[in-house]
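Here is the structure we will look at, set down as structure tokens.
The values are calculated or read from the model by the stated rules, or taken from the named source; none is laboratory data. In this text, all values refer to a predicted model and were calculated from it rather than measured experimentally. Reconstructed Cβ throughout: ideal geometry from the backbone, glycine too, with neighbour counts over all protein chains shown.
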């Protein structure tokens, strides 16, 4: 039996690892494209920084990829073994379905343990570090905002253009001031200048030299019958806030990014400081829902495998696309019922949405046990 266990376990481990890796790469790439691609293409984020941030996304996406990958991997392995009549051959030797699938459920239990560690500890830490590093990298590379021969419009009320940039130094500088109607109220030009970053104030400092400025009538800047006011200066300083583009230096952590000890401390603090009422009850219930959701997501590995085992044996499909479709459909139904549907009740703490999250889990467990019983009897 050890030989049979090793054979099944090897097939499942290799296939599930490949499926989990596929989903991790897929989900992480989608998140990276959404968060990082624009900054990377604009030259505001260095490639090595983008790679580091991509790696920090992995614990977050494993939270979803692990149950889906295990589900698809078990479907693929058992579907192939059933199609090749390997399951029938094993059962003709007197082996029960429980004995045949014991290594699979052992691996699923190990997946639950890994899921608990990721969901409660590694994911919150990685997610927090991700946003801290993201903001810091953008501020560190804030000078990349100024792209030569490009009209930079990210600063409110100002358009910036430089024809050449070497490090912190720029040449042929043009700055146009705009009013609320986006009309030009004046412009400045300088042959050279320097860019600096004020990290304490989270500002980009633009220092042009030999600056010439023309200002129009602010009330009617399009009235060119009035001569503009001309000014000359040896140097000047323009300060642009980076908070609008990159956010403040500190950020508000979502409760989902708290570890259990941090959640408990925050819950006790809110319980002491918030006045009694609906808002307080909703806030305290939110802490309980986060704990239960993370535990549910970890247990999802075992629950989905419980359903995948009889489906893989019964359907007997070798086609990867068909099994992929079945796995995706089951995962979507599970995630929708345990997160979206239960989330509809998060404003009603009297309904105990923290416990309602387990209702879909109990339904899936019941369906899985029933399917396993049916397959065992056939």
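Screening 120, 155 for residues that are closer than 30 Å to residue 56 by Cβ, outside any strand (DSSP E or B), modelled with pLDDT under 90 and within 32 Å of the chain's Cα centre (by Cα) leaves exactly one candidate, 155.
Condition test on residue 73, is it assigned by TED's automatic domain parsing to the domain that holds residue 333, within 13 Å of residue 18 (Cα to Cα), in contact (Cβ under 8 Å) with a residue 40 or more places away in the chain and crowded, with 17+ Cβ neighbours inside 10 Å? In short, yes. Residues that are within 19 Å of residue 16 (Cα to Cα) and at pLDDT 85 or above number at least 3 in the following helices (runs of 4 or more DSSP H) confined to segment 248-357: 278-315. For segment 358-377, the candidate set comprises residues that are under 17 Å from residue 339 (Cα atoms) and free of Cβ contacts under 8 Å to residues at least 40 places away in the same chain; within that set, the residue that is surrounded by the most Cβ atoms within 10 Å (Cβ to Cβ) is 360. The C-beta contact set for segment 53-67 (first residue surrounded by fewer than 21 Cβ atoms within 10 Å (Cβ to Cβ), second residue not in a helix (DSSP H, G or I), distance under 8 angstrom, 6+ apart or interchain) comprises 54/36. Screening the candidates 206, 134 for the property of being crowded, with 18+ Cβ neighbours inside 10 Å, in the same structural domain as residue 40 (by TED's automatic domain parsing) and not in a loop (DSSP other than H, G, I, E, B) yields one hit, 134.
Assess whether residue 164 counts as being outside the structural domain of residue 62 (by TED's automatic domain parsing) and in a loop (DSSP other than H, G, I, E, B). No.
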